[in-house]
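Following: one structure in structure tokens, then a few remarks.
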Amino acid sequence: STLPRRSEKSKLRFRVRAGKEGKEGEEGEDMALFRYLQSGGAARATPLCQQLALGSFNMSSWATCDPEAPYIGKVSNVVDGKWVEYASSREVIDPMNGATMAHVHEAAEKDLSGFVNCLNKCPKAGLHNPLKLPERYLMYGDVSLRVAESLKDPQIESFFTKLIMRVAPKSRAQALGEVQVTRKFFENFGGDNVRFLSKSFTAPGDYTGQRTEGLRWPFGPVALITPFNFPLEIPALQLMGALYMGNKPVLKVDSKVSIVMSEFLKLLNHCGMPLDDVLFVNCDGATMHSLLMKAKPQNTLFTGSQAVAELLAKDLNGKVKLEDAGFDWKIMGPDVPSSQEVNYIAWKADQDAYAFSGQKCSAQSILFMHENWYDKTTFIELIKERAARRNLKDLTIGPVLSVTNQEIQSHISNLLQLEKAEVLFGGNTLKEHSIPSCYGSFEPTAVFVPIESMLKDEESFKLVTKEIFGPFQIITKFSDDELPKVLEACERMSAHLTAALVSNDVLFRNKVLANTCNGTTYAGLRARTTGAPQNHWFGPAGDPRAAGIGTIEAIRSVWSCHREIIFDEGPIPESSPLTQS
């Protein structure tokens, strides 16, 4: 019912082919129709044909699953530009009820040769670079434009939103935000911005005929491994960064959610991305490790746990970029604003700690509250009240996909052994649900730990700063005299991803900012820890392996290296002494 009648479609295609409203060229009939409608033909078309102009006609051409069906579908792999299925098939269960909702064809050890051979065909100079096939920069600018237009289509936007909610249950607002950020990223790189990523610079030489040129150069064969929590945004943005710079990537997404990226690859291909530019592999961790050891990519981007990140860094001889664990702090300064602003900051703190059940690498892990906040406001009661409103019906709280209830409860019990530690709210499992026991189902929880207990010894500090990838946070308080202890805690943490400094006190703020190093730090009364939009760098600092995402600087840093070419063209002076030294 959403597609035009065959007669309407045929008439439009005839007009395109006849050259009356546009030209088909080598683009293919559907793309010619798309261009005709986008260029103004849609204004003269029937309502059904206007849907084509918005791109919804594409869905029947590429989408292969139904996010709302009990059984979504299956996921294949991409090798040599073809979708491939393997004998091994992993069952993916619905996190909300445990029913089988998809199957993923996973590659086994014996299936890796195709990936290795295909990746090794790519030279170190990449599929394109500033001196080779620069037309491909323009091609990816066009692809990005088409993808952005497609993601504006309400049907396609809703398709990916529902698919994300199905495999990684989060509220509609959270899932929709992920799709919209992805769309804005593609808008940013529609057109010439892809080639601007590889903008070079020159400097004069020492004499006539000599000059130097600095170029951004691809690595060639690369790999990227992404987690479950952002099934679309993280793999899509990092994949495109790799492709924009001329690399050939092999992509692995957590199999629990890889159907999202499987569908997105089909949209990319439909919008003009050559499928053989990408390898898409579904497999377990050990098999992926074997693939990396055999293929030896020139660079591997890993987003995930710190333990795996360090293993890969060692085994790949440092050829890695990492966006690993985030034990993220928020510090609330001595300046307490009006009650209205306090209410806003409490809302933001609840969002930072508990949106998507705390399953963000940027989630608020520890809250340092100045005593003016802790003792003189109702801030704790405000966030407790907000946390209590979260429920499974609207997925403002949901399954915890990487931590079990037993692990969370054990951690709380260990924390309560510290002197004067106490549960401020939460601390119990969710009730009346069908979430399978392999996943967590826990209330939003906060545990108070005095800063003295936290810093007492290395064992205590390690316990308090253990990342729990779920709806859990540590809260502590400090006085003016105890600010050095807060800064000591920040210094001793090993993960430096995001941070928030909630204060408009300039002197206080500058002191904290000057003595910390988190890569993405928000400062001011509206400061947050979460938020990875497309308009600023998101990534850790304090590590030469740190990876960013989304921006021009991030893409250049992660997916290209610097190459210098010194042109020395002459003329050679006739009177050169040619002195040997």
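The values are calculated or read from the model by the stated rules, or taken from the named source; none is laboratory data. Bear in mind the structure is a predicted one, so any value in this text is a computation, not a measurement. Note: ideal-geometry Cβ built from the backbone for every residue, glycine included; neighbour counts use all protein chains shown. Keep in mind that these areas ignore ligands, DNA and RNA; they rest on the heavy atoms of the full protein, side chains included. Shrake-Rupley method; radii C 1.70, N 1.55, O 1.52, S 1.80 Å.
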*Pairs under 7 Å by beta carbon, first residue farther than 14 Å from Q298 by Cα in region 107-122, partner aliphatic (A, V, I, L, M) and part of a loop (DSSP other than H, G, I, E, B), six or more apart or different chains?*
A107/V281; F115/V281
*Matching residues in region 170-220 - criterion: being basic (K, R) and either out of contact with any helix residue (DSSP H, G or I) (no Cβ under 7 Å at 6 or more places or on another chain) or in a helix (DSSP H, G or I) (or both)*: R172, R183, K184, R195, K199, R211
*From the list I380, I366, I331, I345, which residue is under 25 Å from D480 (Cα atoms), of a type in the set (A, V, I, L, M), open to solvent by 10 Å² or more (accessible area, probe 1.4 Å) and touching a residue at least 60 places away in the same chain (Cβ under 8 Å)?*
I380
*For residues that are touching a residue at least 60 places away in the same chain (Cβ under 8 Å) and of a type outside the set (G, A, S), scanning just region 183-200, find the one that is nearest to P227 (Cα to Cα).*
F185
*asked:* Just to check your reading of the model, which residue among L395, L424, L415 is surrounded by 19 or more Cβ atoms within 10 Å (Cβ to Cβ), touching a residue at least 40 places away in the same chain (Cβ under 8 Å) and more than 29 Å from the chain's Cα centre (by Cα)?
replied: L415
*Those residues of region 220-235 which are open to solvent by less than 10 Å² (accessible area, probe 1.4 Å) and charged (D, E, K, R), in sequence order*: none
_Out of F461, F469, I need the residue that is part of a loop (DSSP other than H, G, I, E, B), at negative phi, in contact with a helix residue (DSSP H, G or I) (Cβ under 8 Å, 6 or more places away or on another chain) and aromatic (F, W, Y). Which one?_
F469
*Please determine, by comparing only the residues of region 263-307 that are part of a loop (DSSP other than H, G, I, E, B) and in contact with a Phe, Trp or Tyr (Cβ under 7 Å, 6 or more places away or on another chain), which one is nearest to P218 (Cα to Cα).*
Q298
*Go through region 128-145 residue by residue and tally those that are open to solvent by less than 40 Å² (accessible area, probe 1.4 Å) and either in a helix (DSSP H, G or I) or in contact with a helix residue (DSSP H, G or I) (Cβ under 7 Å, 6 or more places away or on another chain) (or both).*
7
_Conditions (1) open to solvent by 20 Å² or more (accessible area, probe 1.4 Å); (2) closer than 29 Å to I93 by Cβ; (3) in contact with a Cys (Cβ under 7 Å, 6 or more places away or on another chain): number failed by D254_ = (3)
*With the condition kept exactly as written, say whether any residue in region 398-410 is more than 16 Å from S441 (Cα to Cα), modelled with pLDDT of 95 or more and either of a type outside the set (V, I, T) or in contact with a helix residue (DSSP H, G or I) (Cβ under 8 Å, 6 or more places away or on another chain) (or both).*
no
*Inspect all residues belonging to region 174-182 and state whether any of them is among the β-branched types (V, I, T), modelled with pLDDT of 95 or more, open to solvent by less than 30 Å² (accessible area, probe 1.4 Å) and in contact with a Pro (Cβ under 9 Å, 6 or more places away or on another chain).*
yes
*asked:* I need a count of the residues in region 524-581 that are modelled with pLDDT of 95 or more, open to solvent by 80 Å² or more (accessible area, probe 1.4 Å), touching a helix residue (DSSP H, G or I) at 6+ places or on another chain (Cβ under 8 Å) and not charged (D, E, K, R).
replied: 0
*Please tell me if S290 is surrounded by 23 or more Cβ atoms within 10 Å (Cβ to Cβ), in contact (Cβ under 8 Å) with a residue 60 or more places away in the chain and out of contact with any His (no Cβ under 6 Å at 6 or more places or on another chain).*
no
_Among the residues of region 294-310, what is the count of those that are open to solvent by 20 Å² or more (accessible area, probe 1.4 Å) and within 21 Å of A125 (Cα to Cα)?_
3
